[in-house]
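First the structure, in the form of structure tokens, and then the observations on it.
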Amino acid sequence: MENRHKDPWDKASIVLQPVGGLLTAIAVAVVGYVGATVLDRQQASDSNIRLYSELISKREEAETDLRKAMFVSIIESFLKPEATKPESRSLESRLVSLELLAYNFHESLELKPLFLHLRREITSTLPAGADYLRRLEHLARDVTAKQMLVLEDGGAKFDAHIDLDQLRGYLRDHPGGGLELPNRALTLDSVVRNFRIILLGENRARRELRVQLETQTPEHAPDEPESLDSRPFTVGFFDFPMIDNTRLSRDQRCAIVINALDDHNADISLVYFHGSRASLREKPYYEEVVQRLVGSTAPGITSGYHRR
């Protein structure tokens, strides 16, 4: 072949070809190393997540089994009381059982029947059982306070003071009527509702108030009623807001609780909260679920009712 003069580009190509191959090999090695490292880390992370999920699942399963055994044992203490024990010791045992039941299962069980049952036993068998009654009422107030903390978080409430002497005088002068408390407006999720509580009477022996609740929604949806009147119901220390509440439209609830009560005064609270904060056994209507999904008001869920 005829020799030809090599220009600078030919000389550069001769020099750079080996370097380019070396750089390509290094790049392939680096990419492979980084890819393997990332893959190992991802596999380790996935393994840790699976392990954590298994541990959480096993712990929840063990806790569920423990709560189930506890629940069965406590319920049996009410259904099968030991007749050989003195009555006072039997009441003490059942009161402790109710305390365990209330503090551990108050979010999912209707405990009012057990409270009423135990109160009847105390008043019928131990005329001097004032200490037991105070303890029972203290337990109920504790449960109510725990539930109110959950419901107020993200909700709204207002407090009201009631002069029972004034209530008795009003009802005496207006038989069949009711003493109205001032209207209060509360807002939840941009929904403003006006609440009015009407006092219809009291039961001193049972330490309960008989009330009627009225709600009004000024800016209501076309298919939603502007106002709602509940039927009269009673409120006592054994009515817990997560269980005993009024269902409103848009998957919202409200409940009235008694904070304090004596012969002359009463302090109550009304809490306005999301339906998701209600008892674990309370589920939204299918229409309410559809309403949240499509973002519109579905028919058939506009009226509310009180569970009492």
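Would you confirm whether any residue within the range 250-273 is in contact with a Gly (Cβ under 7 Å, 6 or more places away or on another chain), among the aromatic types (Phe, Trp, Tyr), farther than 19 Å from residue 182 by Cα and buried (at least 22 other Cβ atoms within 10 Å of the Cβ)?
Taking the range 250-273 first, the residues in contact with a Gly (Cβ under 7 Å, 6 or more places away or on another chain) are 251-253, 258, 271-273.
After this cut, where a residue has to be among the aromatic types (Phe, Trp, Tyr) as well, the list is 272-273.
Subset that is farther than 19 Å from residue 182 by Cα: 273.
From the residues that got through so far, the ones that are buried (at least 22 other Cβ atoms within 10 Å of the Cβ) too are 273.
The answer is yes, given that some residue of the range 250-273 is in contact with a Gly (Cβ under 7 Å, 6 or more places away or on another chain), among the aromatic types (Phe, Trp, Tyr), farther than 19 Å from residue 182 by Cα and buried (at least 22 other Cβ atoms within 10 Å of the Cβ).
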Near pairs, Cβ below 8 angstrom, 6+ apart or cross-chain, from the range 86-114 (under 16 Å from residue 131 (Cα atoms) and among the hydroxyl-bearing types (Ser, Thr, Tyr)) to any residue that is modelled with pLDDT under 85 and part of a helix (DSSP H, G or I): 93/77
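Yes/no per residue for (1) assigned to a helix (DSSP H, G or I); (2) touching a His at 6+ places or on another chain (Cβ under 9 Å); (3) polar (S, T, N, Q); (4) at pLDDT 70 or above:
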position: 15; (1), (2), (3), (4): yes, no, no, no
position: 26; (1), (2), (3), (4): yes, no, no, yes
position: 67; (1), (2), (3), (4): yes, no, no, no
position: 82; (1), (2), (3), (4): no, no, no, no
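Kindly indicate the residue of the range 127-177 that is among the small types (Gly, Ala, Ser) and in a strand (DSSP E or B) and also farthest from residue 103 (Cα to Cα) among those meeting that condition.
First, pick out the residues of the range 127-177 that are among the small types (Gly, Ala, Ser): 128-130, 140, 145, 154-156, 160, 169, 176-177.
Filter again for in a strand (DSSP E or B), leaving 156, 160.
Details: 156: 24, 160: 27 Å.
Filtering the range 127-177 for residues that are among the small types (Gly, Ala, Ser) and in a strand (DSSP E or B), the one farthest from residue 103 (Cα to Cα) comes out as 160.
The values are calculated or read from the model by the stated rules, or taken from the named source; none is laboratory data. Everything numeric here is computed off the predicted structure, so don't read it as measured data. Methodologically, a virtual Cβ is constructed for each residue, glycine included, from the backbone with ideal geometry; neighbour enumeration extends over all protein chains shown.
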